[in-house]
Structure formats: C-alpha cells, structure tokens
1. With a 10 Å radius around each residue's Cβ, average the other Cβ atoms per peptide and rank A:165-174, A:152-161, highest first.
2. Counting C-alpha atoms alone, how compact is region B:52-102: give Rg to one decimal and Dmax as a whole number, in angstrom.
3. With θ set to phi - 60°, apply the Karplus curve 6.51 cos²θ - 1.76 cosθ + 1.60 along region B:66-74 and write out the HN-Hα couplings as whole Hz, x wherever there is a Gly or Pro.
4. Within 10 Å of each Cβ in B:164-174, how many Cβ atoms from other chains are there, averaged over the peptide?
5. Using a/c under 1.5 as the rounded threshold, could you call region B:11-100 rounded, prolate or oblate? The axes a ≥ b ≥ c are square roots of the C-alpha gyration tensor eigenvalues, and prolate needs a/b larger than b/c, oblate otherwise.
6. Heavy atoms of the protein only, probe of 1.4 Å, neighbouring chains included. What is the accessible area of B:M75 in Å², nearest 10?
7. Normalised radius of gyration for chain A, please: alpha carbon Rg relative to 2.2 N^0.38 Å, two decimal places.
8. Compute the separation of the alpha-carbon centres of region B:68-104 and region A:40-79 and state it in Å as a whole number.
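The values are calculated or read from the model by the stated rules, or taken from the named source; none is laboratory data. What you see is a predicted model, and the numbers here were worked out from it, not measured in a lab. With ideal geometry, Cβ positions are generated from the backbone for all residues, glycine too; neighbour counts draw on all protein chains shown. All accessible areas refer to the heavy atoms of the entire protein, side chains included, with ligands and DNA or RNA removed. Shrake-Rupley method; radii C 1.70, N 1.55, O 1.52, S 1.80 Å.
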Amino acid sequence: MSRPERYAEPSGANRPLIAMMRRDLLLMMRSPGAWLNPLAFFALVITLFPVGISPAASVLSTLAPGLLWVAALLATLLSLEGMFRDDAEDGSLEQLLLAPQPLPLLVLARVAVHWVSTGLPLALMAPVLGIMLALPSGSYPMLMASLALGSAALSLIGAIGAALTIGVARGGILLSLLVLPLYVPVLIFGSGAVQAAIGGTPVAPHLALLGALLALALALAPWATAAALRISLNA
Amino acid sequence: MMWAFLHKLASPQGFYALSARLSPWCWGLAACLIGGGMIWGLGFAPADYQQGNSFRIIYVHVPAALLAQSIYVAMALAGLVFLVWRVKLADMAATAMAPLGAGMTFLALFSGAVWGVPTWGTWWQWDARLTSMLILLFLYIGVLALRGALGTRQSAARAASVLTLVGVINIPIIKYSVEWWYTLHQPATFSVTSRPAMPAEMWLPLLVMVLGFYCLFLAVTLTRTRHEILRREASRRWVQALTGEGP
C-alpha cells in the first residue's frame, strides 16, 4: 500500500525541492558570514586597487569595469568552497544522493540558493563600489545586469569544481585552479558589456552572449556536478 | 573476432604485450622524422624573405601547438571511454598523456615567446592565440593538480575524467570568446597568419616535423602507459611473474 501512495501525489514532486531551498535559505540567514563575507571581500579588494595603482579618477574610471568584474569573480570563487562542504561533513549530502528526486535538480536548487546568497548581493553592491572607482555614469544598470546574469553562470560552473574537490583537504587553491580558466569567457563578456555601455556601443550582443553562456551552463553544469558529487562521495 | 581483439587490447595485460612490440617502432619513426625534419628545416629550407632565419622556430612551434591541443582532446576521449565503458586502460593512457600535453603547451608558449622577440619586438603579446594557449596550459595544470591531490584514490580517475570533459567542452568557448575579446580590444598589428603562403620547400619539412611529433606523442604515451600499467597492477600475478617478484 505504501508504494502507490508514494507515487500517487504528482503535485508533491517538487515539494522536497522547495523544502531543501527553504532549509538552505534558512541556514544562510542564520549564518550571516556566508553571504556577508564575500561582500566584505569584494569591497576590500576594490579598496586595494586605488591604493596600489593610483587614486586618480581618470586612471580608475578606465579600469573600473574590469576591476569590478575581477573582484566580484574572486569573491564568488571564495564562496564556492562552502557550497557542499558543510553538507558533506555532517552527512546530509549522502542523504541528498539517496533521495528519490533527480540529483541534478537538487544540485540546481543548491546552486540557485548560492546565487541568491552570493551573486545577487554582489550585483546589488557593485554600483556603490563603482562610484568609488569613478565608473562613468550611465553604465551602472549594465554593471548590475551583467553581474547578476554572469554570476549565475559562475555559480553553476563553480559547482562542478566544488563537487570535485569535496574530498580534498584544503582544497581552496585547487578549486581556484580548476574553476578560474573556465571563468574566462564569462569575464570577457561581462566586463565587455560594461565597457560597451561606457563607450556607447550596443550592449545587447554582450548580454546575449552572457545569456547564452548561462543557458549552456544551466543545461550541462547540474549533470556534471551531480556526476562529480557521486564520484567524490563514493570514494 | 573484432570484439575479441578489442577486449584483448583493452585489458592491461594484452595491451602491455602489444605495446611492447609497437613502441620501439614508434620511437624509431619519431627519431627519424624529427631528426630528418630538423636537419631539413634548419639546414636546407630557404630563409624567409621577411623574417630571415628566425622563422625556423616554426618547425618546433607549430608541431608543439598542434600536439598541445590534440593531446587534450585525446585525454577527453580517453576520459569518455573510461566513464562510459569503465575501461581502466583508458584512464591509464589519460594519466600518461597529461604531463606531455602540459609540456607541449609550455613548449608552444615558450617557442612563441622566443619567436616574438625578433618578429614583434616583445616577449609577450596579449594576442588571442597566445592567451587561449595560456588558458589551455592552466586547464592542463588543473587536471594534473586534481590527480595529484586525489592521489591513488579510486575517485581520482573518474574525477579527472569529468574535469577533462568539462574542459574540452569549454576549450572552443574559451577560444572564440578570447578571439572576440582580442578583436574588440587590440588592433591586429601583428598576425602570424598574415604571412604569405609558404613555398613547398618550407612547409614540407614542417609536415615532416608535425608527423614526427605525433609519432613522439604515440611513443611517449605507449611507454608511459606501460609504466602506469605496471604501477597499478603491481599486485597482479602476471606482473609478478613478469618481474620475478612476489610469492
């Protein structure tokens, strides 16, 4: 009797998914470091550039799009390690792997929460740092849009690296080695969009290509991440 | 018949026996082709009317760059075979290829930098090809680092295979995005491709060198895979019978 009951409820198929996202969001709210630290890191790195290069607005404004994008990318990178680590340590990741829901879907839920807690806040904070770097006006909406779009792709690609390095002690540097080369196209089109907005050239191609990268990552990365999780945990 | 042969080939023991017969030929052929190509290209091919003798770096640079890309694709194919059919030999071959691929990528970058001094007047130019080659080197380093970190664990082989496959999907994306970035950011002042078409006495030695480098790749892969087989199968009876050790 229990089997038909389990399959008789089609509307309940995504209920565990929602429950998991709610749990992840709750955990995120209760440990503010998880989403505040990348923001602090982002601001700190941006502070280093005027100190290290030049405080002159003329110099900073030409560098600003690239600097903001690189700093946001590094902040995302640092937050990747925590994506699966806590769950791997307390064993709840094994439960996810055993769950009847398809693992790529659960991975997608986890990545979505990661983006909400990292990519989205970074995109919202970027304009403030843009002002400090004398980013030319008119490019602020594009900065936020490109970061919001691009950081979703960064979270998806980064999840593969995070899943592959779960079992590695002090895997942070290894994770950056694996993931950073894959981030290059996102960086190119992301900072390209901001530069196009400053230069007055069409931004649509850049955003379209960012969207294409996101779509490709959305289609492939959850499966690769799921495979990597199974590999890392079977060891 | 065909399947029996493939099964024999895919078993470490069968491959070990077959490669013992093949690898001397590969080494010999590689030595002849590279030696002959070197002498022909460095000694007898005419000097370039623009670049003089410095163009002769092409005889190392182009084969190394071709191999650098081919080896990554070969690694990805081996990784796919390993993940899908669980052929252990495929992973042994991928392990054997990775350092050579990284070395060839470095050689291509280094010979390009040396070539850049007489032609461009600089060691490094953020040219689209140089940049994507540099990223390829980082992809190789990533695969090597992951294997190194996971060591002899069972998961190392599968994790490295997944990473290589992710990398091979990204290589064309990186290549084209970098090319696009380059055309947007930098004027195409110098281009390796805009050289006039080479006469036959220049590109024939190049062809010989390319073939020689591929033979070298085959030879190195066969030999290193043999070593990898011995290392991983050291506790098997046939290896112990071979080495005269064991119980």
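1. Numbers: A:165-174: 17.4, A:152-161: 28.1.
Final packing ranking: A:152-161, A:165-174.
2. For region B:52-102, the Cα radius of gyration and maximum Cα-Cα distance read 14.8, 52 Å.
3. Values, residue by residue: 5, 5, 3, 6, 4, 5, 5, 5, 4 Hz.
4. Across the residues of B:164-174, the mean count of other-chain Cβ atoms within 10 Å is 4.
5. Values: a/c = 5.38, a/b = 2.00, b/c = 2.69.
Because a/c hits 1.5 or more and a/b fails to exceed b/c, region B:11-100 counts as oblate.
6. 10
7. Details: Rg = 19.3 Å, N = 235, 2.2 N^0.38 = 17.5 Å.
It is 1.10.
8. So the separation of the two Cα centres works out to 39 Å.
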